[in-house]
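So the structure is just underneath, and the comments pick up after that.
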Amino acid sequence: MKEFSYERPESLDEALQVLAASGSETEILAGGTDLVIAMRDRYRQPKVVVDLKRIAELYPTLRWDGDTLTVSAAATMTEIANDPGINKHFPALVEAAVVVGSVQIRNRATLLGNICNGSPAADTAPPLLAYEAVIVVAGPGGQRRVPINDFIVGPGKTDLQEGELAIALELTTPTRMLGGAYERMTRRKGTDLASVTLCATVDDAGVTQVAFGSVGPRAFLRTDDTGVLADPAAPKEAKAAVFEEIFADASPSVRSMRASPDYRQAMLRVLGARAVGRAIERLQELQGVS
Amino acid sequence: MSELIEIEATINGRDRSLEIAPNHTLLDVLRDQLGLTGTKECCVVGECGACTVVVDGIPMNSCLMLAVEIDGRDVTSVEGLATDGHLDALQQAFLDVSAPQCGFCIPGQLMSAHALLQSNPDPTIDDVHEALGGNLCRCAGYLQITEAVLVAAKAGKE
């Protein structure tokens, strides 16, 4: 690993001052499960590493205020997976957080880091898109809130500007009854990167959202408001036609060693049907339909 | 050479003051600076678990942590399990069921198992599989390793 200087601010103000002074060759360290590898392999060679884990404002890491949950940049995957409120309101997010890496990785990796790292295969991107998370960004001019669909830009790229810090992510409990489910495909059970990631949510007005990743430069969010996907009685062929529209922008890389484009395309449709099916079941449980 | 950073940490029960290079991982410092070579370097990308140590009760990959991050923390490596030259119950169970074959992965397996038993003294076999899922054994001694953890848990109850 190349040499760098290490900064450990204790307040948000101090962190922003450090970022303002350190310039473009700066990396933010939260869980480090991507960054430390990148620095060792020298495809990231920062002059300054800013460790955000001592910033007082990031604790407690999970905070409810009415219907809004604020997940700070220091919240780990393990904390997400173990939180009863998140399990109740955002079960598909828990399903994604709990399959990231291994126990050791989840004890360090942060939810926000998973998004800021910008991997198209990030497990938590599809559920956060489907649940319409908002990223809270602090910068020299104050704070701004960015819908996650605008925050995610492309491989390794987010809307974050130089001098800014993503400090939290907000999730609001759905106003309608909503069932959600997450599915992923990996080569093996255990520590692996996903070849397809997909989250579906179905609400009681018949609107289905499908978010999917690892099949293009970023995770996509698509909506079906025809009611076809949400209808448990709709014929398979009708659903398949809707899925073709939803997945129109999927363009899996031919260079990936994890799975061929054809296989990913085929599995996208399998996971789509599976996730929508489970989301409908969860919605029916909420509605008390058996 | 970038500036060394002074930190204080408890390592295997002993308070230490250390001067750390920011670009050294916890694994580097344990092995090369402190001579604690029980912790193994293997994949260095967080896939194999050979470098697992327990930080404030939580198992982590020491290859993916900067050593400066342990400032003020309590770190246990495999050397911290035995007391006064006596193996702890978990280590003894690994020996009794012949869990180690080549032995390379065992320090990491022990630390994941140690953290599991600290937080869950009565694990099911599924709990053990989940807790040790991030520790690979190239000899494929998984049956014996799982058994050893269950044996140690049972011994702990008696």
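The values are calculated or read from the model by the stated rules, or taken from the named source; none is laboratory data. All values reported here derive from a predicted model rather than from experimental measurement. Quick reminder, even Gly has a Cβ in these numbers, built from the backbone with ideal geometry, and neighbours come from all protein chains shown. Please note that ligands, DNA and RNA were not included when accessible areas were found on the heavy atoms of the full protein model with its side chains. Shrake-Rupley method; radii C 1.70, N 1.55, O 1.52, S 1.80 Å.
The table below gives the values:
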read-out: Peptide B:59-70, shielding by other chains (average Cβ, 10 Å cutoff); value: 6
read-out: Globularity ratio of region A:16-82, using Cα Rg and 2.2 N^0.38 Å; value: 1.33
read-out: Shielding score for A:107-113, defined as the mean number of other chain Cβ atoms within 10 Å; value: 3
read-out: Cα-based Kirkwood hydrodynamic radius, the protein assembly as shown, one decimal, Å; value: 23.2 Å
read-out: Label-point gap, in nm, between B:Arg14 and A:Gln143 - each point 7 angstrom along Cα→Cβ; value: 4.5 nm
read-out: For B:22-29, mean number of other protein chain Cβ atoms within 10 Å; value: 3
read-out: Exposed GluC sites (Glu not before Pro) absent: longest stretch of chain A, with sites in DSSP loops and at most 15 other Cβ within 10 Å deemed exposed; value: A:26-161
read-out: Most to least packed among A:15-22, B:56-63 [average Cβ atoms within 10 Å]; value: B:56-63, A:15-22
read-out: Value of relative contact order over chain B, rounded to a whole percent, pairs C-alpha under 8 Å and six or more apart; value: 23 percent
read-out: In order through region B:112-128: 3J(HN,Hα) via Karplus (6.51 cos²θ - 1.76 cosθ + 1.60), integer Hz, x for Gly, Pro; value: 5, 5, 4, 5, 4, 5, 5, 8, 9, x, 10, x, 7, 5, 5, 4, 5
read-out: Chain B - percent of accessible surface contributed by carbon and sulfur, probe 1.4 Å; value: 49 percent
read-out: Under Karplus coefficients 6.51, -1.76 and 1.60, residue-wise ³J(HN,Hα) of region A:218-224 in Hz, glycine/proline x; value: 7, 6, 10, 10, 10, 10, 10
read-out: Solvent exposure of the protein assembly as shown as accessible area per residue, Å², 1.4 Å probe; value: 45 Å²
read-out: Buried accessible area, chains A and B (both chains, 1.4 Å probe, Å² to nearest 100); value: 2300 Å²
read-out: Kirkwood-based Rg to Rh ratio, region A:170-290, C-alpha trace; value: 0.99
read-out: Set of aspartates and glutamates with alpha-carbon distance to A:Lys157 below 17 Å, sequence-local pairs under 8 removed; value: A:Glu25, A:Glu27, A:Asp34, A:Asp123
read-out: Largest to smallest accessible area among A:Asp262, B:Asp28 [probe 1.4 Å]; value: A:Asp262, B:Asp28
read-out: Surface/4 estimate of mean projected area, convex hull on alpha-carbon atoms of region B:1-121, nm²; value: 7.8 nm²
read-out: Area accessible to solvent at A:Lys88, 1.4 Å probe radius, in Å²; value: 150 Å²
read-out: Calculated from backbone phi, Karplus (6.51, -1.76, 1.60) coupling profile of region A:253-265 in Hz, x at Gly/Pro; value: 5, 7, 8, 5, 8, 7, 6, 6, x, 4, 5, 4, 4
read-out: Spatial separation of Cα centroids for region A:192-261 and region A:141-187, in angstrom; value: 18 Å
read-out: Peptide ranges A:272-279, B:47-54, B:15-22 listed from the most packed, as the mean C-beta count within 10 angstrom indicates; value: B:47-54, A:272-279, B:15-22
read-out: Aspartates and glutamates with Cα under 16 Å of A:Lys239, excluding same-chain neighbours fewer than 8 positions away; value: A:Asp224, A:Asp225, A:Asp231
read-out: Å³ per residue enclosed by the Cα convex hull of region B:89-157; value: 68 Å³
read-out: Residues with amide H under 5 Å from that of B:Ile11, placed H, sequence gap 5 or more; value: B:Arg16, B:Val75
read-out: Highest average packing first - A:99-108, A:112-121, B:147-156, Cβ atoms within 10 Å; value: A:99-108, A:112-121, B:147-156
read-out: Rel. contact order, % - alpha carbon contacts under 8 angstrom, at least six apart, chain A; value: 16 percent
read-out: Convex hull volume per residue in cubic angstrom - Cα atoms of region A:238-290; value: 93 Å³
read-out: Solvent-accessible area of A:Val254 with every protein chain in place, 1.4 Å probe, in Å² to the nearest 10; value: 120 Å²
